[in-house]
Amino acid sequence: MSVEVLADPAALAVRAADVIAAEIGQKPDLRVLVATGNTPMATYAELAKRADLDASQVVAVQLDEYLGVLEDDPRSLYAWMRRSFVEPLGVRQVVRLDGGADPEAASRAFDAETQRLGGLDLAILGLGPNGHLGFNEPPCGPEAPTRRVGLTPESLASNAGYWPDLAVPREALTAGMPTILNARRVLLLVQGAHKRDVLHRALHGPETPAVPASWLRRANTLVLADQAAHPESGGG
Ligand code: PGA
C-alpha cells in the first residue's frame, strides 16, 4: 500500500484521473470497479475532459446498489454511475449489480460475470465514514462475499446527504471484499477532515473487521488523500 497526499480535492482529482487514464492507456479494455459517492465525482469529470482518452473498450463494474431501487429512481447508484462515468467517458460495457432483482440471484450473477471477465484490473473506491468499502459495512472480514447487507447508522446518516428529500434505503447489495482485494490495483480516494480519523485507522490501526478498509493493506493499493484527510498533514 502506498499513500500520496495532494494539496486539495482539485489536485486529488487530477492525480486520480492521471492514474486511471494511464491504466486505460496500457490496457484499453480495463475492467474497472466504479464507486459512486461524492469523492470520485471530480475525478470522473476530469477524465471526461480528456479528449485523447478512449474508454470505449473499458468495462465498468458497479460497486454497490440499494435494494429494491430501480434505475429510474433518483437514488439509483447504477444511474449515478452511468451519468458520472459510463456516459461521459463513452464506456459501452457495464456489469450491473441489480437492486431490483432477487438479492441472492443478483449477487451470484454479478460474481459469475466478474469471474468470466477474469476479475478486475482496477477498483476505484471511496472511504465510508465508518470504514466501509462499497457497502461492506463493519464488521466485515476480507472473505465477505458479494451479498445483501443492512446499512449501519453511520452510512444511513451519510447517505441522507445525497437526497435530502428522499428516504435512505436501509439495505443494499455490495460487491464482496474478494472482488475488491483481488483487483490488480486498488485506488482509494479520500478527502475532507471528516475522513481523517477513519483513514488513520485504515492505514495505521490493526487489520480488523471493525474497519473494512484496513484489509486494503493486503491489496495493491494506492491511497490518494487530500491534506485535510491525511492524518500526518498536521492540519489539526
Ligand atoms: P463519499 O462516500 O465519497 O460521498 O464521502 C464514500 C463512501 O461512503 O463510500
Selection status of A202, open to solvent by less than 20 Å² (accessible area, probe 1.4 Å), more than 29 Å from G68 (Cα to Cα) and not hydroxyl-bearing (S, T, Y)
yes
Kindly indicate the residue of region 171-183 that is outside any helix (DSSP H, G or I) and away from the ligand (no atom under 15 Å from the Cβ) and also most open to solvent (accessible area, probe 1.4 Å) among those meeting that condition.
N182
Qualifying positions in region 46-72 - surrounded by 19 or more Cβ atoms within 10 Å (Cβ to Cβ) and of a type in the set (S, T, Y)
Y66
The condition from (1) within 11 Å of the ligand (Cβ to nearest atom); (2) in contact with a Ser or Thr (Cβ under 7 Å, 6 or more places away or on another chain); (3) of a type outside the set (A, V, I, L, M); (4) over 21 Å from S2 (Cβ atoms) that D111 misses is numbered (1)
Considering (1) part of a helix (DSSP H, G or I); (2) within 16 Å of the ligand (Cβ to nearest atom), say which one L125 fails and leave the rest.
(1)
Look at P164 and say whether it is outside any strand (DSSP E or B) and at pLDDT below 95.
yes
Mind checking whether some residue in region 55-77 is of a type in the set (S, T, N, Q) and touching an Asp or Glu at 6+ places or on another chain (Cβ under 7 Å)?
yes
Is it true that some residue in region 73-84 is open to solvent by 50 Å² or more (accessible area, probe 1.4 Å), of a type in the set (D, E) and more than 14 Å from the chain's Cα centre (by Cα)?
no
If you go through region 154-164 one residue at a time, do you hit one that is within 21 Å of V32 (Cα to Cα) and touching a helix residue (DSSP H, G or I) at 6+ places or on another chain (Cβ under 9 Å)?
no
Out of all the residues in region 185-196, is one or more in a loop (DSSP other than H, G, I, E, B) and either open to solvent by less than 20 Å² (accessible area, probe 1.4 Å) or at pLDDT below 95 (or both)?
yes
Looking for whichever is buried (at least 21 other Cβ atoms within 10 Å of the Cβ), at pLDDT 95 or above and closer than 24 Å to L216 by Cα here; the options are L117, L133. Which one fits?
L133
How many of the residues making up region 141-167 are in contact with a Gly (Cβ under 8 Å, 6 or more places away or on another chain), open to solvent by less than 50 Å² (accessible area, probe 1.4 Å) and within 14 Å of the ligand (Cβ to nearest atom)?
2
Strands (runs of 3 or more DSSP E) within region 1-98 that include 1 or more residues within 16 Å of the ligand (Cβ to nearest atom):
2-6, 31-34, 59-62, 64-66
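The values are calculated or read from the model by the stated rules, or taken from the named source; none is laboratory data. Remember, it's a predicted structure, so these values are computed and weren't measured experimentally. Methodologically, a virtual Cβ is constructed for each residue, glycine included, from the backbone with ideal geometry; neighbour enumeration extends over all protein chains shown. Note: areas computed on protein heavy atoms with side chains; ligands, DNA, RNA excluded. Shrake-Rupley method; radii C 1.70, N 1.55, O 1.52, S 1.80 Å.
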